[in-house]
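First the structure, in the form of structure tokens, and then the observations on it.
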Amino acid sequence: MNIYENDQDHLPKITESELSDEQVLEELQAIRKELGDKLVVLGHHYQQDDIVSFADHTGDSLQLAREAAKLDSEYIVFCGVHFMAETADMLSKPNQKVILPDMNAGCTMADMANRVEIDRAWKNIQASTDEKIIPITYINCSALLKDFVGANDGAICTSSNAKKVIQWALDNGERLLFFPDQHLGRNTCFDLGIPLEDMIVYNPNLKHGGVTPEQIKNAKVILWYGYCSVHQGFTTAQVEQIKKDDPDTTVIVHPECSFEVVQAADMDGSTSFIINTVKNAPAGSKWAVGTEINLVNRLAQMFPDKKITSLSPYQCLCATMYRVRPRWLLESFRSIKRGEPINVISVDEDVKKNSLKALERMLKIS
Ligand code: 13P
Ligand code: SF4
């Protein structure tokens, strides 16, 4: 599928020799003011500070999806990654346009499951058991996978409502197929009382998913092999080191971290959960945070009365989120001003129908 809407999307980028970083920010402010309520800027918590400063609303995936569904502006400029902008397009009104400032801002985890692989796996899995399987997809996936779950009576979840959505699925079927993030699936199912032995990992790169028909028949939960390379960077050794250096430090991580890291940590939850927990903690408290570095650094700036560090000594940066630069945001703003918007995300109507069914189910459950 060609992700570019029109030729404007290929316009040359604004270079540094044309505009300095300061000039970019100045022009962004000026155009933002000029365009007024013609546009709303949504920004995910992992965006860089300069981008967040232009966001009318910041949030986690669920909050931003809810926000997109409420807006009336002609344009929604989505500072986040591709699947988030697609979701916003599906939930927005037909006359609204959703713009992603950099079309290459994808999600490496979302790319770990495609429709052909899911269709093939579904066939394989159904051939191994007669019991009812409910497909659940993490919102970090393409619209085609959302369409799949909608068409097969499944639902979508985010990291902040995964427990509720999975519980709904367990109440409505015998088994679950969860994709693309094995970690969120495993961590949440374990919290809901499903033992690890009842979960298997399906790897589409291996013959028959790397599992036998017998294993599929006996599994309560089939987890897709996908993962987030940013969150997979956190390790139990890092948790042990933090606890050794200062046992009073609370370790809080995102549920995209591995099972072992989540078990070793003191708390886990979505980006909004992490922000609210740290925000409401007493002054002087100490935190080691296992999530994307832009958010961790922002937390440290926002709450200087608390000691906030990254769980990892390495810079766990989401390189695709970081692709949204002020310069590219300016190009989006300029294009709206000229009335020739670039980087418009538009999901096909026939894909939207079932995807919306699954999204609306998620919003109702959570
Ligand atoms: P949240 O829904 O917690 O913001 O997570 C989105 C995401 O992509 C985390 O890597
Ligand atoms: Fe995707 Fe991971 Fe980046 Fe989140 S942090 S957008 S899951 S690659």
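Does residue 110 fit the bill of being under 17 Å from residue 225 (Cβ atoms), small (Gly, Ala, Ser) and in contact (Cβ under 8 Å) with a residue 40 or more places away in the chain? Break it down into steps so the answer makes sense when it comes.
Values: under 17 Å from residue 225 (Cβ atoms): yes; small (Gly, Ala, Ser): yes; in contact (Cβ under 8 Å) with a residue 40 or more places away in the chain: yes.
Here the answer is yes, as residue 110 does meet what is asked.
Mind counting the residues in the stretch 107-123 that are surrounded by fewer than 17 Cβ atoms within 10 Å (Cβ to Cβ) and either more than 13 Å from ligand 2 (Cβ to nearest atom) or among the basic types (Lys, Arg) (or both)?
Count: 7.
Among 149, 165, which is the only one that is modelled with pLDDT of 95 or more, in contact with a strand residue (DSSP E or B) (Cβ under 6 Å, 6 or more places away or on another chain), within 18 Å of residue 353 (Cα to Cα) and in a helix (DSSP H, G or I)? Reasoning before the result, please.
Details: 165 fails: within 18 Å of residue 353 (Cα to Cα).
The conditions single out 149.
Would you tally the residues in the stretch 152-161 being in contact (Cβ under 8 Å) with a residue 24 or more places away in the chain and part of a loop (DSSP other than H, G, I, E, B)? Working first, answer last.
Here is the first cut: in the stretch 152-161, the ones in contact (Cβ under 8 Å) with a residue 24 or more places away in the chain are 152, 154-161.
Subset that is part of a loop (DSSP other than H, G, I, E, B): 152, 154, 158-161.
Matching residues across the stretch 152-161 total 6.
Residue 27 versus (1) in contact with a strand residue (DSSP E or B) (Cβ under 7 Å, 6 or more places away or on another chain); (2) under 17 Å from residue 324 (Cα atoms); (3) away from ligand 1 (no atom under 16 Å from the Cβ): which is the lone unmet condition?
Exception for residue 27: condition (1).
Residues of the stretch 267-285 being part of a strand (DSSP E or B) and buried (at least 20 other Cβ atoms within 10 Å of the Cβ), which ones?
Start the filter on the stretch 267-285 by keeping residues that are part of a strand (DSSP E or B), which leaves 267-268.
Correct list: 268 only.
Of the numbered conditions (1) surrounded by fewer than 24 Cβ atoms within 10 Å (Cβ to Cβ); (2) over 19 Å from residue 366 (Cβ atoms), residue 148 fails exactly one; give the number of that condition.
Of (1) surrounded by fewer than 24 Cβ atoms within 10 Å (Cβ to Cβ); (2) over 19 Å from residue 366 (Cβ atoms), only one is false for residue 148: (1).
Which ones in the stretch 315-335 are within 13 Å of ligand 2 (Cβ to nearest atom) and part of a helix (DSSP H, G or I)?
321, 322, 323
If a residue counts only when it is within 16 Å of ligand 2 (Cβ to nearest atom) and either hydroxyl-bearing (Ser, Thr, Tyr) or crowded, with 20+ Cβ neighbours inside 10 Å (or both), which strands (runs of 3 or more DSSP E) contained entirely in the stretch 197-266 have at least 1 such residues? Spell out the reasoning first.
Working: elements: 199-202, 221-224, 250-253.
Answer list for the stretch 197-266: 221-224, 250-253.
Out of the residues in the stretch 282-335 meeting the condition of being among the basic types (Lys, Arg) and within 16 Å of residue 49 (Cβ to Cβ), tell me which one is modelled with the highest pLDDT.
Here is the first cut: in the stretch 282-335, the ones among the basic types (Lys, Arg) are 286, 298, 306-307, 323, 325, 327, 334.
Cutting the leftovers down to within 16 Å of residue 49 (Cβ to Cβ) gives us 298, 323, 325, 327.
Numbers: 298: 98, 323: 95, 325: 95, 327: 95.
The selected residue is 298.
List every residue pair whose Cβ atoms sit under 8 Å apart, with the two residues 6 or more apart in sequence or on different chains, where the first one lies in the stretch 268-295 and is under 13 Å from residue 309 (Cβ atoms) and in contact (Cβ under 8 Å) with a residue 40 or more places away in the chain and the second, anywhere, is assigned to a strand (DSSP E or B) and within 14 Å of ligand 1 (Cβ to nearest atom).
From residues that are under 13 Å from residue 309 (Cβ atoms) and in contact (Cβ under 8 Å) with a residue 40 or more places away in the chain, the pairs are 288/252; 290/252; 290/253; 291/253; 295/289.
Got a sec? Which of 361, 338, 298 is more than 14 Å from ligand 1 (Cβ to nearest atom) and touching a residue at least 24 places away in the same chain (Cβ under 8 Å)? Steps first, answer last, please.
Working: 338 fails: touching a residue at least 24 places away in the same chain (Cβ under 8 Å); 298 fails: more than 14 Å from ligand 1 (Cβ to nearest atom).
361 is the lone residue from the list that is more than 14 Å from ligand 1 (Cβ to nearest atom) and touching a residue at least 24 places away in the same chain (Cβ under 8 Å).
Out of the stretch 243-290, which residues are within 16 Å of ligand 1 (Cβ to nearest atom) and among the small types (Gly, Ala, Ser)?
Correct list: 258, 265, 269, 270, 272, 290.
Identify all residues within the stretch 286-314 that are in a loop (DSSP other than H, G, I, E, B) and buried (at least 23 other Cβ atoms within 10 Å of the Cβ); write none if there are none.
Start the filter on the stretch 286-314 by keeping residues that are in a loop (DSSP other than H, G, I, E, B), which leaves 291-292, 303-306, 311-314.
If the condition is that a residue be in a loop (DSSP other than H, G, I, E, B) and buried (at least 23 other Cβ atoms within 10 Å of the Cβ), then 291, 292, 311 are the ones that fit.
So which residues in the stretch 122-146 are basic (Lys, Arg) and either within 16 Å of ligand 1 (Cβ to nearest atom) or not in a helix (DSSP H, G or I) (or both)? Before the answer, list the steps.
Narrowing the stretch 122-146 to residues basic (Lys, Arg): 123, 132, 146.
Scanning the stretch 122-146 gives 132, 146.
Report yes if some residue within the stretch 171-191 is charged (D, E, K, R), farther than 17 Å from residue 138 by Cβ, surrounded by fewer than 14 Cβ atoms within 10 Å (Cβ to Cβ) and over 17 Å from the mean Cα position of the chain (by Cα); otherwise report no. Write out each step before concluding.
Narrowing the stretch 171-191 to residues charged (D, E, K, R): 171, 174-175, 181, 186, 191.
Now drop any that are not farther than 17 Å from residue 138 by Cβ, which leaves 171, 174-175.
Now narrow it down to the ones that are surrounded by fewer than 14 Cβ atoms within 10 Å (Cβ to Cβ): 171, 174.
Imposing the further condition that a residue be over 17 Å from the mean Cα position of the chain (by Cα) reduces the set to 171, 174.
Yes: one or more hits.
The values are calculated or read from the model by the stated rules, or taken from the named source; none is laboratory data. Since this is a predicted model, take the numbers as computed values, not measurements. Neighbour counts are summed over all protein chains in view; Cβ atoms, including those assigned to glycine, are modelled from backbone coordinates with ideal geometry.
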